[in-house]
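Just below is one structure, and these are the notes that go with it.
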Amino acid sequence: MNQGKPGPPGDEPTVRPETPDGDFELPRPARAAAAAHDEGDYELERPRPSETPLPPPRTAPPAAGPRTPDEGATPPATPVPDPGTGAPGPGADAPGPAADVPGPGADPTNPAAAQDGGTAVRAVPASEAGGAPEPATGPDEGQVRPLHDPDPYSTPPYGEPGPWAPAPPVQHPGNTPAHGVPSAAPPPVVEAAPPAPDSPAVTPPADPWGRYDPWAVAAAATPLQQADPVPTDGKRRRGRTRRTLIAGVLLLALASGGAGGIVGAYLERNGGMGTVELPQAAGNDAGRDPGSVAGIAAQALPSVVTLHVSGAGAAGTGTGFVLDERGHILTNNHVVEPAGDDGDITVTFNSGDTAEAAVVGRDSGYDLAVVRVKGVRGLAPLPLGNSDNARVGDPVVAIGAPFDLAGTVTSGIISARERPITAGGEKGDGSDVSYVDALQTDAPINPGNSGGPLLDTEGRVIGINSAIRSADGGDDPDGGGRAGSIGLGFAIPINQGKRVAEELINTGKATHPVIGVTLDMDYSGDGARVAARGNGGGPPVTTGGPGAKAGIKAGDVITEVDGRRIHSGEELIVKTRAHRPGDRLDLTVERDGKERKVSLVLGSSGGD
């Protein structure tokens, strides 16, 4: 098989300069090389050191076929005949450029590849050539023309890659096959000879149009490297040291607190490290000031009793106190009223002893009653004080059995004096209404305190606890279901209680001081008006009574008693009953818009 037009004998192969488009021509083989080719394979001559070295070869499998002893040489490329004529193409008289394509029958799977400035050459052995090419004649002998003019803009042959497809591989103009040679397979790559030892290494230019492979081996990526440490100056070092110290102190405090909590919890659960003995004051019984609440209570409690009353389907609890050694006990009328005439009254002393009692006398107008126990000796009566000496703000002590809690002691002050109140009235006819010119106190008084003593700082009785004003409007301390104390308690002055108690003990009845007139209780004006008609159809002013003697007539309005203004008929009754029969009263009477002063001596009427 011919390899082209042989040169003169003894000619040395030369490297032709690159063409303007970057291609170059391989030199024709010498005669000896041609002769050697006739006998077998041949190799291309290595470039001299003075010539431009080839770029580093790509990695490719070694070329198949026998090789000469000089393993570094590359066989020259065999011109490929025209498939149509079998003759070599234009320029076939000289070694073809890197764009030569193997002819029919070539093995594309075992090419020897090399890259030289973008030029790929396929070395075709003589044995694989289809026939000896005919020498080419013409003015372009020895040079291969490209299929098209070089692109000054280096535009890729397939245009720009699309946005969703990878960029096609770049094909340089040198890879274009010669005129008349079809491109039946990808351009072969010839393994290039390594550069001479004295030639500088040439790095192939980066391929901007290289195909991007997202699954490339990670090892090919540039390895990460740590950033250099930032130098720390003295100020930062001191700040770091300070933070370290603060963190250490906080950790130490936290650990200490946790340890202390654990130890404390252990000691609390296990009773400490040893036997616990708490300090305590000495057991001597020190005396109390007789004027203190404790001193007053100690003195008065033995003389205060609790009454349990039952009879006629009713029952109640109240309080009383001993009046004398004969066994007389003073209490409220509404306490013993449930017993009636044949009920049971049981008296319980502070010592716990009990005794039966009987009613000596009672009066609903004053709400007072006296009972007597028999067969009891060693009674200690309570001393009686003078209620006229009481002043607002004086400390007081109340003793009773609220809600059947015997021996309860409370304390407070006198909140007001001569407070007119009325209590009772359950019967509807007014026969059970009590009128009291009371002492007001804030000492707690509750149902069950009724009939108990109100004591001054000397332990003397100045009042009998009788009524309370509750939040729901109730004023009976023994009424069932009524609210307790709200600091509004009322006591009958002892001066009035003493007189009534004496009358009840001596006669069984109490007398009431009277003016001798009938009052209009429906009058809504200021003062107390004398009614136009008396009880039972009699005259409104009792004939020959204190009022008639003073000149009082029906329709007159009484506005003052002893110089103090009154605002209702109840207040006039309260002020009148605060006196004894035979006491003199000074009244102010208004008639036909004119006022005049009158004076009269109180009369007496029997109580019930």
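The values are calculated or read from the model by the stated rules, or taken from the named source; none is laboratory data. Treat the numbers as computed from the prediction; the structure is a model and nothing was measured. Here the Cβ positions follow ideal geometry from the backbone for every residue, glycine too, while neighbour counts run over all protein chains shown. These area figures cover heavy atoms from the full protein model, side chains too; ligands, DNA and RNA do not enter into them. Shrake-Rupley method; radii C 1.70, N 1.55, O 1.52, S 1.80 Å.
Considering only residues that are among the aliphatic types (A, V, I, L, M), over 57 Å from the mean Cα position of the chain (by Cα) and more than 14 Å from residue 346 (Cα to Cα), which ones fall in region 282-321? First the steps, then the outcome.
Initially, region 282-321 is screened for residues among the aliphatic types (A, V, I, L, M), giving 282, 286, 293-294, 296-298, 300-301, 304-305, 307, 309, 312, 314-315.
So of that shortlist, the ones also over 57 Å from the mean Cα position of the chain (by Cα) come out as 309, 312.
Listed by number, the list holds a single entry, 312.
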**Prompt:** In the list 589, 601, 574, which residue meets the criterion of being among the hydrophobic types (A, V, I, L, M, F, W, C) and surrounded by fewer than 17 Cβ atoms within 10 Å (Cβ to Cβ)?
**Reply:** 601
**Residue selected from region 392-407 under the condition β-branched (Val, Ile, Thr) and surrounded by 15 or more Cβ atoms within 10 Å (Cβ to Cβ), by the criterion farthest from residue 302 (Cα to Cα)** = 396
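Is there a residue being more than 29 Å from residue 373 (Cα to Cα), open to solvent by less than 30 Å² (accessible area, probe 1.4 Å) and modelled with pLDDT of 90 or more anywhere in region 497-506? Let's see the steps before the verdict.
Our first condition is that a residue be more than 29 Å from residue 373 (Cα to Cα); within region 497-506, this holds for none.
No - not one qualifying residue is present in region 497-506.
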**Single match in 487, 473, 479 (criterion: open to solvent by less than 30 Å² (accessible area, probe 1.4 Å), at pLDDT below 95 and more than 20 Å from residue 338 (Cβ to Cβ))** = 487
**Complete:** Inside region 256-296, the number of residues satisfying the requirement of being surrounded by 10 or more Cβ atoms within 10 Å (Cβ to Cβ), part of a helix (DSSP H, G or I) and at pLDDT below 90 is 12
**Request:** Considering each of 376, 409, 397, 370 in turn, give the residue that is touching a residue at least 40 places away in the same chain (Cβ under 8 Å), of a type in the set (A, V, I, L, M, F, W, C) and more than 27 Å from residue 356 (Cβ to Cβ).
**Result:** 397
**Complete:** Residue pairs within 7 Å by beta carbon, gap of at least six or interchain, first lying in region 336-360 and touching a residue at least 24 places away in the same chain (Cβ under 8 Å), second open to solvent by 40 Å² or more (accessible area, probe 1.4 Å) and basic (Lys, Arg), listed first then second, are 336/362; 357/372; 360/372
**Fill in**
When (1) modelled with pLDDT under 90; (2) open to solvent by less than 10 Å² (accessible area, probe 1.4 Å) are applied to residue 452, the one that fails is (1)
**Message:** Taking the conditions exactly as written (at pLDDT below 95, in contact with a helix residue (DSSP H, G or I) (Cβ under 9 Å, 6 or more places away or on another chain), within 18 Å of residue 435 (Cβ to Cβ) and not hydrophobic (A, V, I, L, M, F, W, C)), does residue 539 satisfy them or not?
**Reply:** no
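If you scan region 327-346, which residues turn out to be assigned to a strand (DSSP E or B) and buried (at least 23 other Cβ atoms within 10 Å of the Cβ)?
Of all residues in region 327-346, those assigned to a strand (DSSP E or B) come to 328-331, 344-346.
329, 330, 331, 345, listed by residue number.
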**Message:** So in region 432-443, with the set limited to residues that are open to solvent by 10 Å² or more (accessible area, probe 1.4 Å) and at pLDDT 95 or above, which one is farthest from residue 570 (Cα to Cα)?
**Reply:** 442
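Quick one: which of 423, 390, 406 is modelled with pLDDT under 90 and aliphatic (A, V, I, L, M)? It would help to see each step written out before you state the result.
Values: 390 fails: modelled with pLDDT under 90; 406 fails: modelled with pLDDT under 90.
Just a single option satisfies the conditions, and that option is 423.
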**Message:** Can you tell me which of (1) open to solvent by 10 Å² or more (accessible area, probe 1.4 Å); (2) under 30 Å from residue 575 (Cα atoms); (3) not in a strand (DSSP E or B) is the one residue 359 doesn't meet?
**Reply:** (3)
**Asked** When only residues in region 306-326 that are open to solvent by 60 Å² or more (accessible area, probe 1.4 Å) and in a loop (DSSP other than H, G, I, E, B) count, which is nearest to residue 382 (Cα to Cα)?
**Response** 325
**Prompt:** Within region 548-568, can one find any residue that is closer than 22 Å to residue 432 by Cα and open to solvent by less than 40 Å² (accessible area, probe 1.4 Å)?
**Reply:** yes
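Does residue 500 satisfy being β-branched (Val, Ile, Thr), part of a helix (DSSP H, G or I) and touching a Pro at 6+ places or on another chain (Cβ under 6 Å)? Step through it out loud before you land on a result.
Details: β-branched (Val, Ile, Thr): yes; part of a helix (DSSP H, G or I): yes; touching a Pro at 6+ places or on another chain (Cβ under 6 Å): no.
No; evaluated as a whole, the condition is false for this residue.
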**Item:** strands (runs of 3 or more DSSP E) contained entirely in region 543-608, each with at least 1 residues that are more than 29 Å from residue 506 (Cβ to Cβ)
**Value:** 557-561, 584-591, 594-601
**Prompt:** If you go through region 373-390 one residue at a time, do you hit one that is over 22 Å from residue 324 (Cα atoms) and not polar (S, T, N, Q)?
**Reply:** yes
**Request:** Could you tell me whether any residue of region 236-252 is at pLDDT below 75 and over 31 Å from the mean Cα position of the chain (by Cα)?
**Result:** yes
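With 532, 578, 528, 550 as the choices, which residue is closer than 30 Å to residue 502 by Cβ, in contact with a Gly (Cβ under 7 Å, 6 or more places away or on another chain) and among the small types (Gly, Ala, Ser)? Quick ask: steps written out before the conclusion?
On the way: 532 fails: closer than 30 Å to residue 502 by Cβ; 578 fails: in contact with a Gly (Cβ under 7 Å, 6 or more places away or on another chain); 550 fails: in contact with a Gly (Cβ under 7 Å, 6 or more places away or on another chain).
Of the residues listed, the single one that is closer than 30 Å to residue 502 by Cβ, in contact with a Gly (Cβ under 7 Å, 6 or more places away or on another chain) and among the small types (Gly, Ala, Ser) is 528.
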